[in-house]
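Visitor: Take this structure, written in structure tokens, and hold onto it; I'll ask about it next.
The values are calculated or read from the model by the stated rules, or taken from the named source; none is laboratory data. This is a predicted model, so every value here is computed, not measured. Positions of Cβ are generated from backbone atoms using ideal geometry, with glycine treated the same way; all protein chains shown enter the neighbour counts. Surface accessibility is based on the protein's heavy atoms, side chains included, excluding ligands, DNA and RNA. Shrake-Rupley method; radii C 1.70, N 1.55, O 1.52, S 1.80 Å.
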There are 4 protein chains.
Amino acid sequence: MAEIKNHKDKSQSVVLLIDCPDRKGLVASVTEFIFKNNGNIITLDQHIDAQKKVFFMRVEWDLEKFSIPREKIGEYLQALVAEKFKMKWRMYFSDETPRMAIFVSKLPHCLFDVLSRFQSGEWNVEVPVIISNHTDMEPVSKSFGIDYHVFQINKDNKKKQEIEQIKLLKKYDIDFIVLARYMQILTEDFVSNYENRIINIHHSFLPAFPGAKPYHSAYERGVKIIGATSHYVTAELDAGPIIEQDVVRVSHKDDVENMVRRGRDLEKVVLSRAITYHLEHKILIHENRTLVFH
Amino acid sequence: MAEIKNHKDKSQSVVLLIDCPDRKGLVASVTEFIFKNNGNIITLDQHIDAQKKVFFMRVEWDLEKFSIPREKIGEYLQALVAEKFKMKWRMYFSDETPRMAIFVSKLPHCLFDVLSRFQSGEWNVEVPVIISNHTDMEPVSKSFGIDYHVFQINKDNKKKQEIEQIKLLKKYDIDFIVLARYMQILTEDFVSNYENRIINIHHSFLPAFPGAKPYHSAYERGVKIIGATSHYVTAELDAGPIIEQDVVRVSHKDDVENMVRRGRDLEKVVLSRAITYHLEHKILIHENRTLVFH
Amino acid sequence: MAEIKNHKDKSQSVVLLIDCPDRKGLVASVTEFIFKNNGNIITLDQHIDAQKKVFFMRVEWDLEKFSIPREKIGEYLQALVAEKFKMKWRMYFSDETPRMAIFVSKLPHCLFDVLSRFQSGEWNVEVPVIISNHTDMEPVSKSFGIDYHVFQINKDNKKKQEIEQIKLLKKYDIDFIVLARYMQILTEDFVSNYENRIINIHHSFLPAFPGAKPYHSAYERGVKIIGATSHYVTAELDAGPIIEQDVVRVSHKDDVENMVRRGRDLEKVVLSRAITYHLEHKILIHENRTLVFH
Amino acid sequence: MAEIKNHKDKSQSVVLLIDCPDRKGLVASVTEFIFKNNGNIITLDQHIDAQKKVFFMRVEWDLEKFSIPREKIGEYLQALVAEKFKMKWRMYFSDETPRMAIFVSKLPHCLFDVLSRFQSGEWNVEVPVIISNHTDMEPVSKSFGIDYHVFQINKDNKKKQEIEQIKLLKKYDIDFIVLARYMQILTEDFVSNYENRIINIHHSFLPAFPGAKPYHSAYERGVKIIGATSHYVTAELDAGPIIEQDVVRVSHKDDVENMVRRGRDLEKVVLSRAITYHLEHKILIHENRTLVFH
């Protein structure tokens, strides 16, 4: 079957993400840099925030005949283009596989969905470890052959346990974290270790119904549509940059239990889309808002 | 063309809306009442709120061979069924045409949409009067042959002007009011005259972004979906029972101006759906939530 | 966690599905039957197809204090109500757990989604066996503790293999079959054994793009939205009664491979919704169309 | 009110649309051309169809300080960039207002929607004439102050009438045509005069249900979602390049009449979105497919 993308087949390419103050000649300078060095552009997206006068760009090019050696690209780019325009930039090579940790509590639906995509080869990612505050999901973890670590959390030990978690994440060389319905609020200290690298799924259409029990609140308010929101975690609860949202229609026939059930399907798909965009380096962040070049 | 519904062709029917404490035998009693008197049920919807133990029902039946004279139906229903079950009920005959007033400020999109549906015969409704705090929409009003009255509002004269408005509404024998982007907050006094009979369109996905400038707030928060909400007006701003909501996807490409533009299409369709449900007597209200039997 | 529905906790109830020629007194007679025997209606939906003059009803009631013994309900219903109105009816008791077989080929996404819902207790169902024409999904099957049988199919042995499959399905006492992206067309003989009890997921918005390679066809036609369709299998390919459909927006950026990827998420959710409706006995079929009382 | 876009306020800009065989250096060459001549890029979108090896680009830049005189831009572009890359290109200046003709039969909903957007200043467009095969919409036309011409069409006079229509369109200097539910099939000859400049709205989710009575077909097939499709008209009925589609959920409760009613709201919004994309020069066409850079 050819329907599953095989990530290994792709010839090697690089993704460059840029933001800087808007000026004339930005696209010309970057594309000139790529063209002169014999790179072939695969995709290019750019956006100008006219109000804030900021320029954003995502460009991916083929490295097959690129004349600058891979390890020198950043250096040359900085000297020849980025410095002049005060660019902030990041670069990702297609043959580097990001390492993702999953945090989960007791609910299996997001975890299953993420793991089944991982196992099917849908994503270019490694998942070396799952972390939980409960033992419930250990059998699932085992059936996918992934290490599972339990850190019981209470208000007295939270800080200490988080320090241990970070040690473990470092040991596993983790690039980014997915909270697959992890029922603990991370401290600012923890978050600062993985800035813009922790993806959460919140079970409401933010900014409506932040915090606990959003389906109960949605029911009480009598909304006709419920949603789910995936966002990067910041120090402020459910207030980080939104990556993806989706919604589903409900009616008076849907009691809270039914909203929970229907919401699960949203949560799964919204979280997985956010992970996809993150893995494909399609997300830029500016002043607590994301640009997603999908 | 047969594509436009002709409301006059329908044989006469009646819609009965009921809510009461849940008990055994409710559906049986109501349908027995209709059947024994030779009524033919056209549609029947019922819902039990299991948590609140409340029963809701909407039933429409054909009056052609109904054995109780039209003007006695309420009396018989009360004596034979409603009293026993402590039912609250309302009844609407299909040949009675509701009279709607439209309030508008300066934005034409919802007004145009409502008036074009009215003129096309899409709804069983009369629109004898449009009320505004500005003169801008007067030519539109005239081109549809509808009276237009301007009430300039400031914080000193609001109460007085509302009293005049209500006089005018009484004079026109208005059944319900549609706020088609009317940029004034109605006082509690005004609202109390038309309880559950004033339909507003708010340009956000409530409860997110109540109040002024929701598109600006949506842009600042970086949401990926924007919405519109139609609701009955209560004393508390943008907090009344929600009738209908819908959403549309946005991205970083959508600045505030573009959100406003895309939101207009939502506002039109969400408001018109709410009016349709209201005109078809499909809405029941309980504890600030609606049941819409569509 | 209270978020997962526990099917065992529900007090015992029964679902009755009815269709018959439309006549006066149908709802009254059925609800009277339930009420007089001390049943408490939990949900009631009915629909009249005005054009075809057919009446449909789904009613669920609590059996706790019902005065007719469970094994006699059908007999009494037939004698007291159904016969008079020429009703076709089916009855399902809440404590009977349906037994589902899954057919799959090589694609894992629908299989994983169905199994994870099964394992999470989201559905009241048993899954004793998975049948495939390939060995690929055997490890997945094993990790969920479900028997896996391979029947290699070619055009010469198809009829014979289907006979063996049916024997196996009988042995496992299977009530209904889910084709979770099973890449074989079932013969009319096979289908006739499980009429209206085989649920397929087709990866297009039917009736657009039936048959093989719908994503390729969608790409070539340049559609702006792709879909998935779940339907009961009939002798005619992709032409059975539609249970559920959903769609997702695509653009010129989506090549066939990307449509396949985005379509997978649709297929999962559309198939699972159809299974849910089937398990909750919410589907009535009439002249190749379904009524879904959700 | 600042909510309605005022097209006159924008400083002058130009949109360039390009397609050509894919090669290295395309973006660099175009952006260099703009940058060297002191143009400021406002938006840039590009797309490479990897399978067909075709490059597409839409770039808009500010002309305020652009060093090439407006009337020479095309000539310079051709000589300096386009020729080398075998580019096909079109250019649109922001201060040129396109002239649109509307064709309509008897149904008012799309016509009203288009005219109300026109009158509100939502679009940068002139609408000098409405053409119909019936007199029904003449009062609407008059109330918006637009000329209305009736051409009665039957199978004998069609060719002759179309010739007269084209004369009239030339007289009004029409750039493109909108078929706002015009119930006549245009001949190949007519279409060839306005290739890729006639926008139709079809009341189904194409390619499902082309031709007449799609809502009836949708009802008979029992689909759970209905749609509308806007496309450029080609010689083959309902087979031209799709510009925009949208859908709405239906159920067994929706008879044909109700589908027609709900479909109207789709048709309006889908047609108007297509017109918007056309007016903003966001559409490229290649091998019967559109790229819409929205």
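Visitor: Which numbered condition in (1) free of Cβ contacts under 8 Å to residues at least 12 places away in the same chain; (2) closer than 14 Å to D:Asn196 by Cα is the only one that D:Ala212 fails?
Guide: Of the numbered conditions (1) free of Cβ contacts under 8 Å to residues at least 12 places away in the same chain; (2) closer than 14 Å to D:Asn196 by Cα, the odd one out for D:Ala212 is (2).
For (1) open to solvent by less than 40 Å² (accessible area, probe 1.4 Å); (2) closer than 30 Å to A:Ala274 by Cβ; (3) in a loop (DSSP other than H, G, I, E, B), each residue gets a yes or a no:
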site	(1), (2), (3)
B:Asn200	yes, no, no
B:Ser217	no, yes, no
B:Asp238	yes, yes, yes
B:Ile243	yes, no, no
B:Ser272	yes, no, no
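Visitor: Would you mind stating whether C:Ile285 is open to solvent by 10 Å² or more (accessible area, probe 1.4 Å), out of contact with any Asp or Glu (no Cβ under 8 Å at 6 or more places or on another chain) and in the same structural domain as C:Phe103 (by TED's automatic domain parsing)?
Guide: Judged against the criteria, C:Ile285 is a match.
Visitor: Determine which single condition B:His134 fails, assuming it passes every other condition in (1) part of a helix (DSSP H, G or I); (2) of a type outside the set (Val, Ile, Thr); (3) open to solvent by 40 Å² or more (accessible area, probe 1.4 Å).
Guide: (1)
Visitor: Determine which member of the set C:Glu244, C:Glu236 is in the same structural domain as C:His202 (by TED's automatic domain parsing) and either free of Cβ contacts under 8 Å to residues at least 24 places away in the same chain or in contact with a Cys (Cβ under 6 Å, 6 or more places away or on another chain) (or both).
Guide: Answer to the check: C:Glu236.
Visitor: Sticking with this structure for a sec: Can you report the number of residues in the stretch D:34-56 which are more than 8 Å from chain A (Cβ to nearest Cβ), in contact with a Phe, Trp or Tyr (Cβ under 9 Å, 6 or more places away or on another chain) and open to solvent by less than 20 Å² (accessible area, probe 1.4 Å)?
Guide: So the answer is 3.
Visitor: Looking at (1) in contact with a Lys or Arg (Cβ under 7 Å, 6 or more places away or on another chain); (2) more than 9 Å from every other protein chain (Cβ to nearest Cβ); (3) touching a residue at least 60 places away in the same chain (Cβ under 8 Å), which is the only condition D:His278 fails?
Guide: Status for D:His278: all satisfied but (1).
Visitor: Check the stretch C:15-29 and report whether any residue there is open to solvent by 20 Å² or more (accessible area, probe 1.4 Å) and in a helix (DSSP H, G or I).
Guide: Yes, there is a match, as at least one residue in the stretch C:15-29 is open to solvent by 20 Å² or more (accessible area, probe 1.4 Å) and in a helix (DSSP H, G or I).
Visitor: A further question on this structure: If you scan the stretch A:245-270, which residues turn out to be closer than 29 Å to B:Glu287 by Cα, within 13 Å of chain B (Cβ to nearest Cβ) and in a helix (DSSP H, G or I)?
Guide: A:Val256, A:Glu257, A:Asn258, A:Met259, A:Leu266
Visitor: Of all residues in the stretch B:57-74, which are in a strand (DSSP E or B) and either facing chain C (nearest Cβ under 8 Å) or of a type outside the set (Phe, Trp, Tyr) (or both)?
Guide: Across the stretch B:57-74, the qualifying residues are B:Met57, B:Arg58, B:Val59, B:Glu60, B:Asp62.
Visitor: Could you please find all residues in the stretch D:230-243 being more than 17 Å from D:Ile177 (Cβ to Cβ) and facing chain C (nearest Cβ under 10 Å)?
Guide: Of everything in the stretch D:230-243, those that are more than 17 Å from D:Ile177 (Cβ to Cβ) and facing chain C (nearest Cβ under 10 Å) turn out to be D:Ala239, D:Ile242.
Visitor: Here's something else I'd like to know. Residues of the stretch C:105-126 being open to solvent by less than 20 Å² (accessible area, probe 1.4 Å) and more than 12 Å from every other protein chain (Cβ to nearest Cβ), which ones?
Guide: Of everything in the stretch C:105-126, just one residue is open to solvent by less than 20 Å² (accessible area, probe 1.4 Å) and more than 12 Å from every other protein chain (Cβ to nearest Cβ), namely C:Val125.
Visitor: Restricting to the stretch D:77-86, give me the number of residues that are in contact (Cβ under 8 Å) with a residue 24 or more places away in the chain and open to solvent by 70 Å² or more (accessible area, probe 1.4 Å).
Guide: Matching residues across the stretch D:77-86 total 3.
Visitor: Output yes when any residue across the stretch A:257-268 is open to solvent by less than 10 Å² (accessible area, probe 1.4 Å), touching a Gly at 6+ places or on another chain (Cβ under 8 Å) and closer than 28 Å to B:Ile243 by Cα, and no when none is.
Guide: The answer is no; no qualifying residue exists.
Visitor: Sticking with this one: Determine whether the stretch B:207-214 contains at least one residue that is out of contact with any Pro (no Cβ under 8 Å at 6 or more places or on another chain), on the phi > 0 side of the Ramachandran plot and open to solvent by 80 Å² or more (accessible area, probe 1.4 Å).
Guide: Yes, the stretch B:207-214 contains at least one residue that is out of contact with any Pro (no Cβ under 8 Å at 6 or more places or on another chain), on the phi > 0 side of the Ramachandran plot and open to solvent by 80 Å² or more (accessible area, probe 1.4 Å).
Visitor: Out of C:Tyr194, C:Tyr182, C:Tyr172, which single residue is away from chain D (no Cβ under 11 Å), modelled with pLDDT of 95 or more and open to solvent by less than 10 Å² (accessible area, probe 1.4 Å)?
Guide: C:Tyr194
Visitor: Taking the stretch B:102-136 only, how many residues are small (Gly, Ala, Ser), within 23 Å of D:His109 (Cβ to Cβ) and in contact (Cβ under 8 Å) with a residue 12 or more places away in the chain?
Guide: Within the stretch B:102-136, residues that are small (Gly, Ala, Ser), within 23 Å of D:His109 (Cβ to Cβ) and in contact (Cβ under 8 Å) with a residue 12 or more places away in the chain number 2.
Visitor: Quick one: in the stretch C:223-236, which of the residues that are more than 16 Å from the chain's Cα centre (by Cα) and more than 18 Å from C:Ser192 (Cβ to Cβ) is surrounded by the most Cβ atoms within 10 Å (Cβ to Cβ)?
Guide: This residue is C:Gly227.
Visitor: Could we say that C:Asn124 is in the same structural domain as C:Ile199 (by TED's automatic domain parsing), part of a loop (DSSP other than H, G, I, E, B) and under 22 Å from C:Thr97 (Cβ atoms) here?
Guide: Answer is yes for this residue.
Visitor: Considering the stretch A:137-157 alone, what residues qualify as being more than 14 Å from A:Lys106 (Cβ to Cβ), assigned to a helix (DSSP H, G or I) and open to solvent by 60 Å² or more (accessible area, probe 1.4 Å)?
Guide: Within the stretch A:137-157, just A:Lys142 meets the criteria.
Okay, residues lined up against (1) at pLDDT 95 or above; (2) more than 30 Å from B:Trp123 (Cβ to Cβ):
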site: D:Trp89; (1), (2): yes, yes
site: D:Pro98; (1), (2): yes, yes
site: D:Ile102; (1), (2): yes, no
site: D:Val114; (1), (2): yes, no
site: D:Phe144; (1), (2): no, no
site: D:Tyr148; (1), (2): yes, no
